[in-house]
1. Could you identify the single residue in Asn22, Asn30 that is in contact (Cβ under 8 Å) with a residue 24 or more places away in the chain and of a type in the set (S, T, N, Q)?
2. If the requirement is being within 14 Å of the chain's Cα centre (by Cα), within 30 Å of Leu18 (Cα to Cα) and open to solvent by less than 40 Å² (accessible area, probe 1.4 Å), which of these qualifies: Ala152, Ala119?
3. For residues that are open to solvent by 70 Å² or more (accessible area, probe 1.4 Å) and touching a residue at least 24 places away in the same chain (Cβ under 8 Å), scanning just the stretch 44-60, find the one that is nearest to Gly97 (Cα to Cα).
4. Out of curiosity, is Leu146 more than 29 Å from Arg72 (Cβ to Cβ) and surrounded by fewer than 16 Cβ atoms within 10 Å (Cβ to Cβ)?
5. With respect to Gly118, determine if the residue is at pLDDT 95 or above, small (Gly, Ala, Ser) and out of contact with any helix residue (DSSP H, G or I) (no Cβ under 7 Å at 6 or more places or on another chain).
6. Within the stretch 65-82, work out how many residues are assigned to a strand (DSSP E or B) and open to solvent by less than 30 Å² (accessible area, probe 1.4 Å).
7. Would you mention how many residues in the stretch 110-166 are in a helix (DSSP H, G or I) and among the basic types (Lys, Arg)?
8. Count, please, the residues in the stretch 188-225 that happen to be open to solvent by 40 Å² or more (accessible area, probe 1.4 Å) and within 16 Å of Arg142 (Cα to Cα).
Amino acid sequence: MSSFTGFPSETFAFLSDLTAHNRRSWFEANKERYETYWLGPAVAFVKALAPGMAAMRPEMKAEAKVNASLRRINRDTRFSADKAPYDPWLHLIFWPGDHPNRGAGFHFVIRPDGIGYGAGRYAFAGPVLGHYRQRLQNKEARDKLLAAIEEARHIGCYLDEPPLKTVPKGHDHEPEWDFLLRYKGLVVRTMDSQIMPNWIHGPEAVDEVLSRCRRLMPLIEWVHTI
């Protein structure tokens, strides 16, 4: 029996306050709020999602701890001009591979003003990029990917603009789908935070998030098996 009853209003109040006071002194003074309204509900939520995630195909991992399904709130500021020490949101990750950040996955984000979600594979590292481009030459595989992208659009998830301006040389292509060859990773996501849904405050959030993940599984499976 899950102990998850929804994200309380205090979770969003904490995130809003963190946005306005993003410094270590404030965070340390509000550490109890972080543990009670950020960490506590997030752990309960991931545990409640775990059986449904395990039933996906491919099976999605849900590990209720920081640096697993909970992306840490502390930012790595070493190579960033923005030195704010914390991310003022709650970022959850579910994945079918060996590592939550190095392959395909489903992401769910809670911000002070709403939610966002998406899925895919951020970067095709090493030989995977070549395998991806070669797979696009197969019409059946290509059509499955296009159908998965279209299904994602029905729940408000879209591709970013491709990073390459032109199609790489040496690949057959047609105008209807050659934009796919201009990607070096493939992620569909909500472009901005969604309007805050009432269901995020109740236990029905579990089924709502599982439903969105389920509709993104064709894309996750495609990029996972490159």
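1. The conditions single out Asn22.
2. The match here is Ala119.
3. Filtering first and then ranking leaves Glu59.
4. So Leu146 passes the test.
5. yes
6. Counting residues in the stretch 65-82 that are assigned to a strand (DSSP E or B) and open to solvent by less than 30 Å² (accessible area, probe 1.4 Å) gives 1.
7. 6
8. Going through the stretch 188-225 one residue at a time, the tally reaches 4.
The values are calculated or read from the model by the stated rules, or taken from the named source; none is laboratory data. Here the structure is a predicted model, which means the values were calculated and not measured. Heads up, the Cβs are rebuilt from the backbone with ideal geometry, glycines too, and the neighbour counts pull from every protein chain shown. Note: accessible area is taken over every heavy atom of the protein model, side chains too, but ligands, DNA and RNA are not part of it. Shrake-Rupley method; radii C 1.70, N 1.55, O 1.52, S 1.80 Å.
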